[in-house]
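A.B. asks: The structure under discussion is supplied below as structure tokens; questions concerning it will follow.
FYI, it's all coordinate maths here, none of it is from the lab. As the structure is a computational prediction, the values presented were derived from the model and not from experiment. Cβ placement follows ideal geometry from the backbone for every residue including glycine, while neighbour counts extend to all protein chains displayed.
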Amino acid sequence: MRVYVTGGAGQVGRALAATGPDGMACVGLSSADLDVTDADAVRRWSREHLAGGDVIVNCAAYTRVDDAESDAAAATAVNVDGAAHLAEASAAIGARLVHLSTDYVFDGPAAPRPPDRTAPYEPDDVGGDPPSVYGRTKLAGERAVRAHDPAATIVRTAWVYTGGDGDFVGTMRRLAAERDVLTVVDDQLGSPTYAPDLARGLWQLIEQDAGRGAVLHATNAGQTTWYGLAREVLALDGLDPDRVRPCTTADFPRPAPRPAYSVLSPRSWTGAGLAPLPDWRDALRAALVR
Ligand SMILES: NC(=O)c1ccc[n+]([C@@H]2O[C@H](COP(=O)([O-])OP(=O)(O)OC[C@H]3O[C@@H](n4cnc5c(N)ncnc54)[C@H](OP(=O)(O)O)[C@@H]3O)[C@@H](O)[C@H]2O)c1
């Protein structure tokens, strides 16, 4: 059995390559190796490489949530059409598709969920009207995957980081070295998720052949705000967490609306027989304290 990882050069794709179990053949594919938006290229690639029993983990995505607001066509090409092409290929060949999705598929504070929601989202809580272009394309991608390959597993995650350049945790570390005070949003709740923990969970899913046809939620356990996460980053680096000051989402207007509440219930994941991911604080310590 081979495991092909589309979007293999991205954050989750690289974590999958780094955590693969011994003896598992893991093949990462960058967009240069396989452009998932090209239907003919995906068909050709699947005929030449994919065998029944192989696995595709689709980490390829248009993830620039603010740019997506003004370039819906590009986001749709990757997040909807690309996902559909892979699902067509997996269904045609009898391979297994594991498709990555996001907390942005939920409606957020708009409707029908109240803004003061405090119960973590279950997979079926999707209302069908995500407020951002990114969220709408990811939800349409989930539906395209399900339409073409009913056995595919959809895994939604949230707030993924490795601590490297460019992600939230890496950015907080850089800013802490450059500035005295960091002002960080304190009115969005979510579960920071360390990419290698998510990747180990995905490997368990593959090895146990769990969750066929299901939508599962996989994040580190517990919840905090971006402000809470930033404070913990500074504390673990031996810096004064009081250098982080809270602000509101409205203080930092962005093109794409951010979900106020992104906490995903682990019940679908553990119900599929999979080990819960560690608490977010333990995961952050593992990421930063080496
Ligand atoms: N990061 C998060 O916080 C987060 C949260 C929730 C869900 N997710 C989901 O998790 C999955 C993986 O995200 P990530 O954090 O690893 O994203 P990422 O680091 O932005 O990686 C996405 C990858 O997709 C590839 N890609 C883009 N267009 C492509 C195309 N046309 N054909 C093939 N590959 C293409 C990119 O490759 P090139 O660079 O070669 O173009 C990039 O390596 C996505 O489905 C995302 O929606 C992420």
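A.B. asks: Compute the relative contact order of the range 48-179 as a whole-number percentage, counting only Cα pairs closer than 8 Å that sit 6 or more residues apart in sequence.
C.D. replies: With pairs under 8 Å counted, the relative contact order is 30 percent.
A.B. asks: Mind listing the long-range amide H neighbours of residue 122? Cut-off is under 5 Å, sequence gap 5 or more, other chains count too, H placed in the peptide plane at 1.01 Å from N.
C.D. replies: 265
A.B. asks: Size of the dipole of the range 232-273 about the Cα centre, Lys and Arg at +1 and Asp and Glu at -1 on the beta carbon, nothing else charged, in debye to 20?
C.D. replies: Its charge dipole is roughly 300 debye.
A.B. asks: Place +1 on the Cβ of every Lys and Arg and -1 on the Cβ of every Asp and Glu in the chain, take the dipole about the Cα centre, and give the residue among 280, 252, 25 whose Cα lies farthest towards its positive end.
C.D. replies: About the Cα centre, the residue reaching furthest to the positive side is 25.
A.B. asks: Taking amide H atoms as placed 1.01 Å from N in the peptide plane, list the residues 5 or more away in sequence, or in a different chain, whose amide H sits under 5 Å from that of residue 100.
C.D. replies: Amide H neighbours of residue 100: 58, 155.
A.B. asks: Okay, next question. From zero up to wherever the largest Cα-Cα distance of the range 154-252 sits, split into 5 Å bins and tell me the percent of pairs in each.
C.D. replies: 3, 12, 20, 21, 17, 10, 8, 6, 3, 1
A.B. asks: Quick one: Cα convex hull volume of the range 1-101, Å³ per residue? Mind dumping the intermediate values first?
C.D. replies: Values: hull volume 8.9 nm³, N = 101.
Taking the convex hull of the Cα positions in the range 1-101, it is 88 Å³ per residue.
A.B. asks: Quote the relative contact order of the chain in percent (integer), defining contacts as alpha-carbon pairs under 8 Å separated by 6+ residues.
C.D. replies: Numbers: 596 pairs, mean separation 57.1, N = 290.
It comes to 20 percent, rounded to a whole number.
A.B. asks: For the range 251-261, in order, what is each residue's ³J(HN,Hα) by Karplus, 6.51 cos²θ - 1.76 cosθ + 1.60 with θ = phi - 60°, in whole Hz (x at glycine and Pro)?
C.D. replies: 6, 10, x, 10, x, 9, x, 9, x, 6, 9
A.B. asks: Follow-up question, since we're still on this one. Restricting everything to alpha-carbon atoms, can you work out Rg to Rh for the range 202-272 with a Kirkwood hydrodynamic radius?
C.D. replies: Computed over Cα atoms, the ratio is 1.12.
A.B. asks: Can I ask one more? In the chain, what is the volume of the convex hull around the alpha carbon atoms, normalised per residue and reported in Å³?
C.D. replies: Spelled out: Cα convex hull of the chain, divided by residues, is 123 Å³.
A.B. asks: What value, in deg cm²/dmol to 500, does the helix sum -39500 (n - 2.57) over DSSP H runs of n ≥ 4 give at 222 nm once divided by the residues of the chain?
C.D. replies: -10500 deg cm²/dmol, from helical runs alone.
A.B. asks: Once you charge only the Cβ atoms, +1 for Lys and Arg and -1 for Asp and Glu, what is the size of the charge dipole of the range 128-206 about its Cα centre, to the nearest 20 debye?
C.D. replies: So the magnitude is around 280 debye.
A.B. asks: In debye, nearest 20, what is the charge dipole magnitude of the chain about its Cα centre with +1 on Lys and Arg Cβ and -1 on Asp and Glu Cβ, if you could check?
C.D. replies: 340 debye
A.B. asks: Next up: Looking at 177, 151, 131, which one has the Cα that reaches farthest to the positive end of the dipole of the range 122-198 (charges on Cβ: Lys, Arg +1; Asp, Glu -1)?
C.D. replies: Going by the Cα projections, it comes out as 151.
A.B. asks: Sticking with this one: List the residues, sorted by chain then number, that are 5 or more residues from residue 106 or on another chain and whose placed amide H is less than 5 Å from its amide H.
C.D. replies: Under 5 Å from the amide H of residue 106: no residue qualifies.
A.B. asks: Roughly speaking, what is the centre-to-centre gap between the range 209-226 and the range 122-175 when only Cα atoms are used, to the nearest Å?
C.D. replies: Using only Cα atoms, the two centres lie 11 Å from each other.
A.B. asks: What does the net charge come to around residue 182 if you take all other residues with beta carbon closer than 15 Å to its beta carbon, with K and R at +1 and D and E at -1?
C.D. replies: Charge balance near residue 182 sits at -2.
A.B. asks: Could you point to the residue in 41, 3, 53 farthest towards the positive end of the range 1-78's charge dipole, with +1 and -1 charges on the Cβ of Lys/Arg and Asp/Glu respectively?
C.D. replies: The listed residue farthest towards the positive side: 53.
A.B. asks: Another question, then. Which net charge results for the neighbourhood of residue 78, defined as the other residues with beta-carbon distances under 13 angstrom from its beta-carbon, given Lys and Arg at +1 and Asp and Glu at -1?
C.D. replies: -3
A.B. asks: Given a cut-off of 18 Å, what percent of all Cα-Cα pairs of the range 35-85 lie beyond it? Don't skip to the answer; put the middle values down first.
C.D. replies: Values: 467 of 1275 pairs.
When every Cα pair of the range 35-85 is considered, 37 percent fall beyond 18 Å.
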